[in-house]
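As structure tokens, the structure follows; a few thoughts come after it.
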Amino acid sequence: MSKLRAAACSRRGLQQGAGGEVRLSPRRRRENASSGKGMLPPVSAPQSTYHLFSHSAETEAFRKNLLAWYDKCKRDLPWRKLAASEADPNRRAYAVWVSEVMLQQTQVATVIDYYTRWMQKWPTLQALAEASLEDVNELWAGLGYYSRGKRLQEAAQKVVSELAGQMPRTAEELQKLLPGVGRYTAGAIASISYGQATGVVDGNVIRVLCRVRCIGADSSSPAVADRLWDLANALVDPVRPGDFNQAVMELGATVCTPRAPLCAECPVKHLCRARCRVEKELQLASKRLLGEVASSCPQVPAVEECAAAAAGHCSLCPPAAEPWDSSLGVANFPRRVAKKPPRAERTATCVLERRGPRGESEYLIVQRPSSGLLAGLWEFPSLPLGPGLMEKQQREALLGHIQAWAGDAVARRHLRHVGEVVHIFSHIHQTYVVYSLLLGGEAETASGRQDEELGRPASRWVTQAEFQKSAVSTAMKKVWKACERQSCEGRGPGKGSKRKRGPAPSQASQLTVAADGTLPKRQLSLDAFVKAPTRE
């Protein structure tokens with residue numbers, strides 16, 4: 001480090017480490033502790049400055065180190081390219097908006113392909129506003145949380161029809177005027193697209209902030225969430241707010257991960273209080289092994305601890321009932337809140353097949369209601385099952401349900417039990433009891449108009465290729481794979497073998513589809529191993 005830069009750092013209370021990182025000098029740390037400069041506004045619940053960035057020099061060090069790391073290590077993602085290259089602020093904001101909505105509860109690797117296809121099909125707000133909901137659902141199929149696509153299109157239509165095609169320019173206006181845009185999405189769009197100096201708080205940011213400042217209280221509680229937002233707004237870099245917010249999220253996604261974080265690669269490790277605590281604990285353990293410290297010494301040293309926590313009065317410290325776990329290290333933060341287990345539901349589903357006008361197989365799909373779970377998507381005829389129903393009762397109920405579309409033909413056919421498909425939604429452990437049914441030519445064909453007049457969901461017959469392109473959920477694709485696998489296993493060797501529609505009910509009931517949609521291979525019986533080989 002040059003003498004000029006060293007002098008500048010000294011005046012600002014900073015020092016540069018061996019690895020080039022900038023951090024607070026011991027002198028500045030002592031001054032901060034006594035002066036209390038730069039603290040966030042007080043709240044009703046007591047807390048200490050231990051959980052805050054209590055001086056501007058510390059904040060500057062955090063920004064500088066983080067942005068330097070981001071410029072060097074950030075991932076090459078399509079929405080970042082668009083945000084950096086697009087001159088039109090409306091198109092830039094739209095590009096960021098789409099990416100932020102898709103990234104909610106979804107991994108980056110999954111989103112990239114969906115995002116690329118979306119922007120190719122609807123490159124502007126106006127193009128999306130003119131699209132049909134059916135087209136939106138079809139492109140979104142498989143991405144999960146399907147209401148996101150619907151809300152995105154509704155908001156785009158509002159921008160075009162009510163705001164003259166102009167996106168709101170601040171986080172406050174974005175959140176107020178656009179349906180489905182919450183505090184986080186508004187902050188991301190405003191900072192990345194318009195350069196507004198506003199922070200963002202998502203799961204990655206929460207993890208980084210909680211570890212850097214040893215915040216162990218329940219981050220889902222409104223009071224703690226508000227403090228995290230205050231902290232994010234105080235930290236955001238005023239010159240490069242969009243890059244800073246993306247850098248914090250990038251740090252949480254790639255380095256400060258939930259499990260096995262890469263602390264050695266962290267650009268702000270010297271400002272991280274959780275890491276400092278881990279290092280002090282290791283030093284104490286090392287001294288204990290060497291006999292330099294009595295074995296009765298507390299496991300965790302009282303170094304740079306929260307003063308209010310000692311008296312049990314800090315609203316940001318972990319509860320006293322949750323002691324520090326040495327095996328977790330920095331992963332003690334944030335506090336893991338026990339999730340409510342998903343409720344269990346069972347649904348009978350029938351893959352109804354007929355021979356189409358051109359001789360190829362067609363399958364009936366019906367549309368789900370326009371609100372609620374999987375709103376507007378298509379599925380095989382399905383019926384929720386009440387508790388305690390026997391298999392015979394399930395069959396009778398399902399037959400009665402599908403007669404609405406297929407007529408009395410189903411009464412003269414035999415339902416084949418394929419097996420069970422399990423799909424986990426965020427709050428539902430759904431088990432699909434899958435049946436298949438081959439209809440003859442006498443099956444009725446209902447039009448959309450007839451469905452509407454009869455008060456039943458819209459329906460249509462589709463080929464296999466059309467089914468794959470339709471707006472169907474991942475769960476229904478698992479159902480399809482189960483039936484497809486059963487059909488393949490039912491074919492014997494040779495051209496002339498007859499197609500088996502499915503295994504016997506006693507066998508089919510044992511087939512359970514795994515999370516990836518595959519069925520287990522059949523296990524050979526013990527007799528097959530001990531039976532003598534047959535001579536040809």
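Throughout, read-outs are computed from the coordinates displayed, never taken from laboratory work. What you are looking at is a predicted structure, and each value in this text was computed from that prediction instead of being measured. Ideal geometry is used to build each Cβ from the backbone, glycine not excepted, and the neighbour counts take in all protein chains shown.
Taking a Cβ cut-off of under 13 Å around Leu174, the surrounding Lys, Arg, Asp and Glu residues balance to a net charge of +1, with basic ones at +1 and acidic ones at -1. Simple spin-label estimate for Leu282 and Gln126 gives 5.8 nm between the two label positions (7 Å along the Cα-to-Cβ direction from each Cα). Among His270, His417, a tally of other beta-carbon atoms within 10 Å of each Cβ gives an order, fewest to most, of His270, His417. A simple spin-label model places the labels of Trp324 and Val422 3.9 nm from each other, with each point 7 Å out along Cα-to-Cβ. Applying both filters, DSSP loop and at most 15 other Cβ atoms within 10 Å, to the GluC sites (Glu not before Pro) of the stretch 323-389 gives Glu360. Residue separation of Leu389 and Leu177 scaled by 0.36 nm, minus their Cα-Cα distance, works out to 71.5 nm of gained length. Label separation (Asn233 vs Thr110): 3.2 nm, computed from points 7 Å beyond Cα along the C-beta direction. Shape descriptor for the stretch 65-221: Rg over Rh equals 0.97 (Cα atoms; Rh from the Kirkwood inverse mean 1/r). Rounded to 0.05, the FRET efficiency of the Arg355 and Lys469 pair, given R0 = 22 Å and the Cβ-Cβ distance, is 0.55. A cut-off under 14 angstrom between Cβ atoms defines the neighbours of Ala84, and their net charge, with Lys, Arg +1 and Asp, Glu -1, is +2.
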